[in-house]
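Down below is the structure, laid out as structure tokens.
The values are calculated or read from the model by the stated rules, or taken from the named source; none is laboratory data. Given the structure is predicted, the values throughout are model-derived calculations rather than measurements. All Cβ positions, even for glycine, are placed from backbone atoms using ideal geometry, and neighbour counts span all protein chains on display. Keep in mind that these areas ignore ligands, DNA and RNA; they rest on the heavy atoms of the full protein, side chains included. Shrake-Rupley method; radii C 1.70, N 1.55, O 1.52, S 1.80 Å.
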Amino acid sequence: MTSKSAPPTSRAPLSGPVDAVVVGAGFGGLYALHCLRQAGFSAVAFETGDGVGGTWYWNRYPGARCDVESLQYSYSFSEDLDQEWNWSEKYAPQPEILSYANHVADRFDLRRDIRFSTRVVAATFDEARALWVVETERLDGSGGDRVEARFCIMAVGCLSSANKPPFAGMADFKGPIYHTGEWPKDGVDFTGLRVGVIGTGSSAIQSIPLIAEQAKALTVFQRTPNYSVPAYNAPLDPAYVAEVKANYPALRAKARSRPTGFYFPFNTQPALASTPEERRRQYEEAWARGGLPFLGAYGDLLFNKEANDTIAEFAREKIRGIVKDPKTAELLCPENVFGCKRLCVDTNYFATYNKPHVSLVDVSKTPIERFTAHGLVVGGKTYELDAVVCATGFAAMTGAFDKIRITGRGGLTLAEKWQAGPRTYLGVASAGFPNLFMVTGPGSPSVLASMIQAIEQHVDWMVDMMAHLRDVGARTFEARIEDEDRWVAHVNEVSQVSLRSTCSSWYVGANVPGRPRVFMPYIGGFPVYVQKCNEEMDGGYGGFVLDGATTRNAPPEIRLTRRWHVPLDMDVISPAMLAARQVPVV
Ligand code: FAD
Ligand code: NAP
């Protein structure tokens, strides 16, 4: 398989010391660097890739684009940035989002503190000195860095560690094998080739229609069919952009008060309170708008199975209406809860199966047996292929942490601590690992919210906490184990309220064999979570031990976090829903 590598860059090793090491230079790492600098902290970031952008640096497969509208899938911390950047389409394509990340890096002069083509391999807490010792390896083979830092900020990404199932015989295959999350920078030309795509998640659903346009023959190997809603992507209307820009702060504030961290029309009514005719009309209208907001057609779709059955059947009817071959259509119809796995958003996905050179192979009951020199074997039958695309997703949420030897107090590694599933307090920190922050870590809304919002809220909160530690002269913070245990129990409990916990998705780690089944993101809704973070801060960080503080009872000064103190949007989150903790989340 083409491997995750970046061109070498020679440079002298770093040794620090710095206030903070940031791991990763995606949207999380970039914003962390910016805020640290604003707050007067010295910092260096390490990034495996040779450029910024994270997800948008690595996922260059055909069709890659965001599925939260670009006018909202963007940073909100700078009004000037909001005004000066122009998105071309409703859902910007990967190259444009990557350009945006590069623009941000240049505009805020962040590159000088980033060391590229450098992988962090270990971070060890020196208890006596209360310092993190961070070790790296430089991809040019010229050795590594060993940097000492007071704080370590893990901005390693929730979807950055590619899941590469070890199919038998892969090494025998004569053609190239690609992973969507590690796509070659120069692109791939499939013209005239027989291509196999393994997987039917979001990455596959975006790339299949475009691969089909080039390939001589395309065979899709499907283990679980997915629901997908049309994107209706289009160039942005300048009048609409002008209107948004004229009211951007208000839109950003509305987004912050929404369970998803982005704004869209949401109907809080229960689905079953409508007649079948009303429901159909409602679903048709929501379908015509397209995208993830389709799940906002009713308020209880992720909490009431009977309600969910109605939207699931509507979506299956759409598939049957598009795909001409009834057998293929049935294979493409998911049976699981609608929206249980991450909902996909597509352009011409289902229609692609009407093309005569595109075929679907069901590997749900008969898994892929092995690769041969010239193809894939399923159920004893060989499918001849020239190239294979593994759209097989990621070891989500914890995969990038697993790849770094993170050692906390008493020599305990994070991997050991998280053996039975991740344990964090608020998804930002883990007991036994003082002064280590996680951006959008497990136990925070992360992937269930528009992620740039989630990133900004986390980073603002972390940097405010660091500033408070400096104000009171504390050497370390550390999550209290009892608060962490309570939080982990709460995250689990809330997940049970949602139908999302019922299927084998990457949210529960079930996409990778051997991983513990734990619902990892916090499903209580973004604003509810933000309120909990605010309470923690306003209460003087009661869930943390602040060690070595010279000043006691100093109330934390709210600096960056101020903009997250917004009231809950009661139109969407009624008190009754809060009480039941049935917070709808896309
Ligand atoms: P990443 O962008 O993943 O960046 C993490 C960086 O850390 C990577 O560059 C990685 O190389 C680096 N890193 C990791 N480990 C190490 C190490 N040990 N040493 C050095 N560097 C390391 N979210 C949305 O909200 N809306 C969307 O529309 C959306 N679309 C997506 C589309 C795709 C194809 C994918 C895969 C994800 C999408 N997401 C979306 C989620 C997306 O991951 C986030 O929106 C966001 O880009 C994450 O930023 P991040 O900085 O937290 O992580
Ligand atoms: P994914 O949703 O996890 O899909 C991976 C696919 O590979 C699934 O169909 C899975 O089947 C299949 N698979 C995995 N191992 C397999 C095996 N051994 N044999 C056969 N099939 C196998 O991964 P993804 O598509 O890369 O998306 C991950 C997440 O990234 C998304 O959910 C989304 O959050 C984000 N993303 C967003 C967009 C966007 O539209 N903006 C695009 C891409 C990604 P099972 O379902 O049976 O496990």
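Suppose each label sits 7 Å from its Cα in the direction of the beta carbon; what would the Ser15-Asp172 distance come out to in nanometres?
5.2
So if each residue of separation counts as 0.36 nm, and I subtract the Cα-Cα distance between Ala242 and Ala128, what length gain in nm does that give?
In short, 35.4 nm is gained.
Could you work out the helix-only [θ] at 222 nm for the chain, with each DSSP H run of four or more residues adding -39,500 (n - 2.57) and the total divided by the number of residues, to the nearest 500 deg cm²/dmol?
When only DSSP H runs of four or more count, the value is -9000 deg cm²/dmol.
Can you give the extra length, in nm with one decimal, that the chain gains between Lys216 and Asn354 once fully stretched, where that is 0.36 nm per residue apart less the Cα-Cα distance?
48.2 nm
Is the range 166-228 best put as rounded, prolate or oblate by its Cα gyration tensor, with a ≥ b ≥ c the root eigenvalues, rounded for a/c under 1.5, and otherwise prolate when a/b is larger than b/c, oblate when not?
Taking the square roots of the gyration eigenvalues as a ≥ b ≥ c, the range 166-228 is rounded.
Which entries in Lys403/Lys532; Lys185/Lys355; Lys174/Lys355; Lys90/Lys532; Lys216/Lys324; Lys365/Lys417 show an alpha-carbon gap greater than 25 Å?
Lys403/Lys532; Lys185/Lys355; Lys174/Lys355; Lys90/Lys532; Lys365/Lys417
For Lys254, which lysines qualify as cross-link partners when the Cα separation must be under 18 Å and same-chain residues fewer than eight apart are set aside?
Within the straight-line cut-off, Lys254 pairs with Lys245.
Report the extension gain between Arg405 and Asp50 in nm, rounded to one decimal, defined as 0.36 nm multiplied by the number of residues separating them, less their alpha carbon distance.
Stretched fully, the Arg405-Asp50 segment lengthens by 125.6 nm.
Over the residues of the chain, compute the C-alpha Rg and express it relative to 2.2 N^0.38 Å.
Its radius of gyration relative to the 2.2 N^0.38 Å reference: 0.95.
With every protein chain kept in place and ligands, DNA and RNA left out, what is the accessible area per residue of the chain? Probe 1.4 Å, answer in Å².
38
Hey, if we sort Thr118, Thr310 by accessible area with the 1.4 Å probe, largest down, what's the order?
Largest accessible area first, the residues go Thr310, Thr118.
Under 8 Å for C-alpha pairs, at least 6 residues apart: give me the relative contact order for the chain, rounded to a whole percent.
Taking the mean separation of contacting Cα pairs over the length of the chain, I get 18 percent.
Which of the peptides 502-508, 161-167, 186-192, 323-329 is most tightly packed, and how do the rest follow, going by the mean number of other Cβ atoms within 10 Å of each residue?
502-508, 161-167, 323-329, 186-192
Could you give the nm distance between label points at Arg280 and Glu135, where each point is 7 Å from its Cα heading toward the beta carbon?
6.6
If you line up the long axis of helix 451-472 against the longest principal axis of the chain, both from Cα atoms, how many degrees apart are they, to the nearest 10?
10
Mind ranking 12-20, 214-222 by how tightly packed they are, going by the mean number of other C-beta atoms within 10 angstrom, highest first?
Put in order of decreasing packing, that is 214-222, 12-20.
Using the charge dipole of the range 315-471 (Lys, Arg: +1 at Cβ; Asp, Glu: -1 at Cβ; taken about the Cα centre), state which of Tyr383, Gly410, Val323 has its Cα farthest towards the positive end.
Farthest towards the positive end: Tyr383.
Under a Cβ-only charge scheme (Lys and Arg +1, Asp and Glu -1), can you give me the dipole magnitude of the chain about the Cα centre, in debye to the nearest 20?
Charge dipole of the chain: 920 debye, to the nearest 20.
So for each of 263-269, 471-477 I average, over its residues, the number of other beta carbons within 10 Å; can you give me the resulting order with the highest mean first?
471-477, 263-269
Could you tell me how far the Cα centroid of the range 183-225 sits from the Cα centroid of the range 106-166, in Å?
Between the Cα centre of the range 106-166 and that of the range 183-225, the gap is 33 Å.
Using each residue's phi in the range 506-517, evaluate 6.51 cos²θ - 1.76 cosθ + 1.60 at θ = phi - 60° and report the 3J(HN,Hα) Karplus result to the nearest Hz, with x for Gly and Pro.
Using θ = phi - 60°, the values come out as 6, 4, 9, x, 7, 7, 10, x, x, 7, x, 8 Hz.
Find the centroid of the Cα atoms in the range 326-378 and in the range 404-452, then give the distance between the two in whole Å.
35
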